[in-house]
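K.L.:
Mind looking over this structure? Questions follow.
The values are calculated or read from the model by the stated rules, or taken from the named source; none is laboratory data. Predicted model only: the values in this text are computed from it and were never measured. Methodologically, a virtual Cβ is constructed for each residue, glycine included, from the backbone with ideal geometry; neighbour enumeration extends over all protein chains shown. Keep in mind that these areas ignore ligands, DNA and RNA; they rest on the heavy atoms of the full protein, side chains included. Shrake-Rupley method; radii C 1.70, N 1.55, O 1.52, S 1.80 Å.
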Amino acid sequence: MDETESLTAVFQRLIGHMGPISVAHYMAEANARYYNTRDPFGEGGDFITAPEISQMFGELIGLWLADVWIRAGREEPIHYVELGPGRGTLARDALNAAKRYGLTPKVHFVETSTTLKDVQLVAVPEAQWHNDLSTIPAYGPVLFVANEFLDALPVRQMVMTEDGWRERMISVQDGRFIPVAGQMPMDAAVPESRRVAPIGTIIETCPAAAATVYEVAGRLNEQGGAALFIDYGSDALRDGSTLQAVRAHRKVDPFAGPGEADLTAHVDFATLAPIVQSRGCRWLGTVPQGRWLRALGIEARAEALSTFAPEHRGALHAAMDRLIGEGQMGALFKVFGMAAPTWPDGAGF
Ligand code: SAH
């Protein structure tokens, strides 16, 4: 494929030849192109994430990891595995904080974007890169961290029609992408408890997120360790499409300009918790980010940093408010914790 050809042109040709593609296919290809071709973070980019708002975010995650590792008996070798590390900022801040408590793990990044790998290499030169979890070493406990990773994974959508459930597909009409109902009956793919629904109802699932959490739970059972998945989403089942696109800090049409905007969907934490438990692994809870960061001591940390650098006091408190404020990231974002059966409960759950 010619890398310079726009994904819009590629999709139009594909749909023209083969018919509509699924929403999941559209989202997967769009995000692969998007992340591979740019560093999207920060004020001048498309969106900003918690670790880019303040070093306190990564530091408190590093402290959480050091605390569970110490209480589990300081086992070595120990691996730090981050999924979708972006610019590597969270890892750098977390590892700096953990080091003060004697935790210096081997560092592994699961990242598919070649552009972002280059940025991560500068932030955390000692990291090893992986395309997926399969090549993470099979010995030694693992500390998994993923911030705003699951929300970027492709979602599958089902829509209720007069003829029953259908997969939601993307077609082309007058040169524009539009969602349509697929041809194939999909009733069997919808959980029985949700099968009866008014026409037009959409339900969304994320098989890739479920597979990731399943795999992480298996690793924790086999190798020991703990995991933190932080993302925006709900801990109750809900109907409707949550697919959204963000470009230059504004919401844009997710079906226009694929590969040019960040596509995300709410993470369905209600579905992920039973997956952890079904493997015999421990689900520590799903708690609002604001509550979790407060329990970890973000207010004391902001105060300590302000005393050290009084000229930054205003900026530090503004950053903290963004991370924990109810109307900001504090309530919509959740921290989903997991631990190996033999590992202790972590702080904040
Ligand atoms: N955790 C970072 C970045 C979040 S953006 C932060 O909080 O700032 C999503 C990240 O996941 C990017 O690094 C992106 O390249 C990566 N990513 C998206 N889909 C992926 C996939 N299927 N496999 C591995 N990495 C992926």
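K.L.:
State which residue is surrounded by the fewest Cβ atoms within 10 Å (Cβ to Cβ) when the search covers only the stretch 182-206 and only residues that are in contact (Cβ under 8 Å) with a residue 60 or more places away in the chain and not small (G, A, S).
P.N.:
That would be T205.
K.L.:
When you look at A146, is it closer than 30 Å to T342 by Cβ, touching a residue at least 40 places away in the same chain (Cβ under 8 Å) and crowded, with 20+ Cβ neighbours inside 10 Å, yes or no? Steps first, please.
P.N.:
On the way: closer than 30 Å to T342 by Cβ: yes; touching a residue at least 40 places away in the same chain (Cβ under 8 Å): yes; crowded, with 20+ Cβ neighbours inside 10 Å: yes.
Answer is yes for this residue.
K.L.:
OK, next. Considering only residues that are assigned to a helix (DSSP H, G or I) and either within 21 Å of the chain's Cα centre (by Cα) or within 30 Å of E215 (Cα to Cα) (or both), which ones fall in the stretch 295-318?
P.N.:
Step one: list which residues in the stretch 295-318 are assigned to a helix (DSSP H, G or I), which gives 295, 298-308, 310-318.
Listed by number, the list holds a single entry, A295.
K.L.:
Right, another one. Of all the residues that make up the stretch 1-30, how many are open to solvent by less than 10 Å² (accessible area, probe 1.4 Å) and within 21 Å of the chain's Cα centre (by Cα)?
P.N.:
4
K.L.:
Can you spot a residue in the stretch 53-62 that is within 12 Å of the ligand (Cβ to nearest atom), modelled with pLDDT of 95 or more, surrounded by fewer than 22 Cβ atoms within 10 Å (Cβ to Cβ) and within 18 Å of the chain's Cα centre (by Cα)?
P.N.:
Checked the stretch 53-62: at least one residue is within 12 Å of the ligand (Cβ to nearest atom), modelled with pLDDT of 95 or more, surrounded by fewer than 22 Cβ atoms within 10 Å (Cβ to Cβ) and within 18 Å of the chain's Cα centre (by Cα).
K.L.:
While we're here: Going residue by residue through the stretch 92-113, is there one that turns out to be in contact (Cβ under 8 Å) with a residue 12 or more places away in the chain, open to solvent by less than 20 Å² (accessible area, probe 1.4 Å) and hydroxyl-bearing (S, T, Y)?
P.N.:
yes
K.L.:
Which of the residues that make up the stretch 249-306 are under 20 Å from K334 (Cα atoms) and polar (S, T, N, Q)?
P.N.:
Once the filter is applied, which keeps residues that are under 20 Å from K334 (Cα atoms) and polar (S, T, N, Q), the stretch 249-306 yields T264, T271, Q277, T286, Q289.
K.L.:
What number goes with the only condition from (1) in a helix (DSSP H, G or I); (2) farther than 24 Å from Y80 by Cβ; (3) open to solvent by less than 30 Å² (accessible area, probe 1.4 Å); (4) out of contact with any helix residue (DSSP H, G or I) (no Cβ under 6 Å at 6 or more places or on another chain) that W292 does not pass?
P.N.:
(2) is the only condition that W292 fails.
K.L.:
So which strands (runs of 3 or more DSSP E) stay within the stretch 82-196 end to end and still have 3 or more residues that are more than 11 Å from the ligand (Cβ to nearest atom) and among the hydrophobic types (A, V, I, L, M, F, W, C)? Explain how you work it out, then say what you get.
P.N.:
On the way: elements: 106-110, 128-130, 142-147, 156-161, 164-173, 176-185.
Those strands (runs of 3 or more DSSP E) span 142-147, 156-161, 164-173, 176-185.
K.L.:
If you don't mind, another one. Look at the stretch 223-254 and say how many of its residues are buried (at least 21 other Cβ atoms within 10 Å of the Cβ) and modelled with pLDDT of 95 or more.
P.N.:
Of the residues in that region, 11 qualify.
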